[in-house]
1. Just check segment 253-408 against the gyration tensor rule for me: Cα atoms, a ≥ b ≥ c as the square roots of the eigenvalues, rounded for a/c under 1.5, and otherwise prolate or oblate depending on whether a/b exceeds b/c.
2. Report Rg (one decimal) and Dmax (nearest whole number) for segment 357-436, counting Cα atoms only, units Å.
3. If you place +1 on the Cβ of every Lys and Arg and -1 on the Cβ of every Asp and Glu, how big does the dipole about the Cα centre of the chain come out, in debye to the nearest 20?
4. So, in Å, what gap is there between the alpha-carbon centers of segment 45-73 and segment 417-459?
5. Could you give the size of the charge dipole of segment 307-466 about its Cα centre, using +1 on the Cβ of each K and R and -1 on the Cβ of each D and E, expressed in debye and rounded to the nearest 20?
6. What does the extension gain come out to for residue 348 and residue 126, with contour length at 0.36 nm per residue minus their alpha carbon separation?
7. Just to confirm the filter: which GluC sites (Glu not before Pro) across segment 250-295 are DSSP coil and have at most 11 other Cβ within 10 angstrom of their Cβ?
8. Working from Cα positions, state the angle (0 to 90°, nearest 10) between the long axis of helix 126-147 and the longest principal axis of the chain.
Amino acid sequence: MELSGSASSLLSHHSYTSRPKKKLCGTNYPVSIAFVVVNEFCERFSYYGMKAVLTLYFVSYLHWDSDLSTAVYHAFSSLCYFTPVLGAIIADSWLGKYKTIIYLSIVYVIGHVVKSVGAIPIVGDKNMHIGLSMFGLILIAFGTGGIKPCVAAFGGDQFDEEHVSERTKFFSIFYMSINAGSVLSTVITPILRGDVKCFGEDCYALAFGVPAALMIVALVVFISGSGMYKKSPPQGNVMLDVCKCIGFAISNRWKKSKNDPQRKHWLDWAEEKYSKRLIMEIKMVLRVLLLYIPLPMFWALFDQQGSRWTLQATRMNMAFGDSFILKPDQMQMLNALLILLFVPIFDMLVYPLVGLCRINLTPLKKMAGGMIFAALAFGAASLVEWTVVQTVVEPAPPGDCLLQVYNLAGRDVSLKITDYPSDLFAQPIKYLEDPPEYVRLQLGQPSKVVNMDMIFGAGVGETSECTQTFTWQEAHTLILFPEGTGIACKLVTDVTMKSSNGDPHLRFINTQPVALTLTVGEETFEVGANYSVSFNNRTVARNTYPDVKVCPSHMESSDCNVLDLGLLDFGASYSVIVLENSGKLEAHKMEDVKPNDVHIAWQIPQYVLMTAGEVMFSITGLEFSYSQAPANMKSVLQAGWLLTVAFGNIIVLIVAEGAGLDQWVEFLLFALLLVAVCIIFSIMAYFYKYVDPDEAELFKDNNLELTAKDDDDDEDFHKQNKQTDDAHLNRTESSTKM
């Protein structure tokens with residue numbers, strides 16, 4: 001998905017300020033590449049480690065809703081793909097690759113540190129945490145994006161021109177270091193977040209702090225090799241030349257089109273100032289960039305693995321037996337593992353088998369196939385999401401609230417709510433009945449005082465009045481309990497959002513005349529007397545059948561009882577009512593939120609399909625793009641490719657904030673949009689004629705046209721092109737984890 005380095009800088013001759021003197025173990029590999037590889041491993045660990053827990057940080061720590069969290073996540077991702085253009089300009093036109101890496105890595109480190117400090121609960125209030133987090137993410141985006149076009153190319157610069165095979169193998173090692181950093185970080189940082197507690201909650205400060213430390217290590221390692229590097233001075237940026245040429249052509253055509261003879265192509269209006277060779281090369285690039293227009297939709301789906309799919313995982317059963325529980329943000333590692341497995345499988349098995357079937361699988365056809373696989377992945381995600389939402393309490397929209405009723409009054413109670421339909425609670429509420437679901441009350445304003453009548457039996461007993469204030473977008477439980485000869489009521493606010501690690505939520509309702517202290521594992525609940533409720537819902541460490549120790553407050557432990565809570569299922573939310581029966585205390589459990597019944601293994605098919613699509617789309621796309629452009633224009637295509645990723649994330653941002661659809665419908669919408677885009681892309685690909693960029697060298701400044709390859713020749717042409725060292729080098733650079 002990501003690139004690092006201008007391929008053109010690896011294929012042209014440079015003048016260097018210094019040359020490496022040491023080789024690795026008598027080989028032709030310079031010692032300096034070891035510093036580059038370690039630097040890349042640490043940098044990718046820091047980036048993917050931070051990003052793995054980012055969505056849950058927004059939801060669980062900053063308490064944003066899923067739509068805002070998704071939007072900010074993709075806004076950050078988009079910025080990370082806009083800034084490489086800026087980094088390339090700085091490196092090629094001003095500082096050179098070495099200094100650009102150093103200076104922007106410092107910005108990178110500062111961003112990580114600020115982000116980590118913003119996750120410390122005792123540092124300021126929520127506004128301070130949000131401000132530090134956003135500032136840190138902006139710095140990280142400029143840091144990671146700015147060095148992206150420099151690191152791989154800088155590593156390639158360390159080799160002498162005659163050591164092409166060693167340089168190619170270096171990029172394979174470089175590719176492995178990227179995926180190793182990605183896999184390890186997406187396993188480790190969720191563990192640091194969830195298994196380590198700081199300030200009484202998930203330790204996001206540590207989960208962000210370790211990636212910050214790795215980025216510091218990356219910077220120190222890179223600087224340590226300074227004396228061994230070849231350092232090429234800035235030699236001008238071809239992207240600026242392209243922009244200037246295009247701008248001049250448009251301006252010149254606007255000024256002279258009425259008086260001067262018409263040109264065959266609008267770019268020919270730049271011939272007065274720029275060489276015909278440059279104009280011809282830009283024409284070649286523009287033909288490919290035109291094909292890039294539909295591509296952002298693929299990335300709009302692909303990058304949701306770290307946002308929407310992670311949020312989906314939080315509502316699934318993540319237990320593999322009783323001993324191992326996967327964390328929702330760890331599921332992202334599956335993509336990195338599968339990409340390492342699928343690349344050789346597709347190259348050595350799938351593509352040759354397709355060829356044996358006499359199917360001419362050209363690069364553009366592969367990319368279209370990758371889009372179909374990604375659409376199928378979101379179709380699978382939609383089915384999983386539709387099943388998952390059956391266990392979720394959807395929050396009330398503005399203007400409404402949710403209500404459920406606990407009847408602890410000892411007999412059946414009829415409830416009539418003034419100014420609301422009589423069938424809202426049509427049947428009497430049975431004693432200790434577990435409410436089947438929340439009902440929705442329309443308030444029409446932020447808060448509203450509501451009057452209710454409570455009647456023992458089927459509307460023929462004594463009537464008691466209840467007046468409570470309801471708040472919109474909240475979930476409430478109305479507790480009915482006996483008072484004298486009538487009924488009293490109490491309104492409490494519920495937590496309906498599932499915990500990010502699958503631990504069940506728990507709260508206690510004490511019916512006894514004395515205050516109680518209840519201990520479940522390491523959690524202690526203090527509950528007042530006479531139908532008091534423990535403060536809010538709290539997560540308890542998941543234990544299938546835990547016991548609760550119940551003690552009267554301020555009494556000796558000899559007066560304590562041990563009660564069996566029964567099954568506390570994965571991701572559920574419970575209210576436990578402490579009752580007295582025949583002189584003994586017992587626990588009666590209400591299920592407020594259903595457990596996570598859908599296992600996280602059901603996400604595997606969508607990850608498999610998405611990774612298959614990535615192999616066919618991303619790797620093939622860069623190989624095709626580079627094969628269709630002159631060597632000195634590859635950096636322009638690289639910038640264009642990265643911008644498609646940026647615009648893809650913007651699409652997600654817009655849909656997440658503006659569509660307001662149910663999540664499974666949104667997944668299905670993305671799948672259908674990508675199918676439609678795939679059809680458009682296929683039509684564009686049908687009319688595309690492949691060209692040989694090497695012909696550009698033969699034409700120089702001659703006013704000649706390039707020869708387009710017929711579609712029947714596409715396969716042979718790309719087989720031949722793929723055998724070159726240039727294509728192989730570009731292929732290794734097209735890793736989705738760079």
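The values are calculated or read from the model by the stated rules, or taken from the named source; none is laboratory data. Keep in mind it's a predicted model, so treat the numbers as computed, not measured. Note that we place each Cβ from the backbone using ideal geometry, even for glycine, and neighbour counts take in every protein chain shown. Quick note on the areas: whole protein, heavy atoms, side chains included, nothing else; ligands and nucleic acids left out. Shrake-Rupley method; radii C 1.70, N 1.55, O 1.52, S 1.80 Å.
1. Verdict is oblate for segment 253-408.
2. 25.3, 77
3. Dipole about the Cα centre, nearest 20: 2840 debye.
4. 37 Å
5. Values: 11 positive and 15 negative charges, 211 e Å.
My answer is approximately 1020 debye.
6. 74.6 nm
7. Here the sparse-neighbourhood loop sites are 272.
8. Here the helix axis deviates by roughly 20 degrees.
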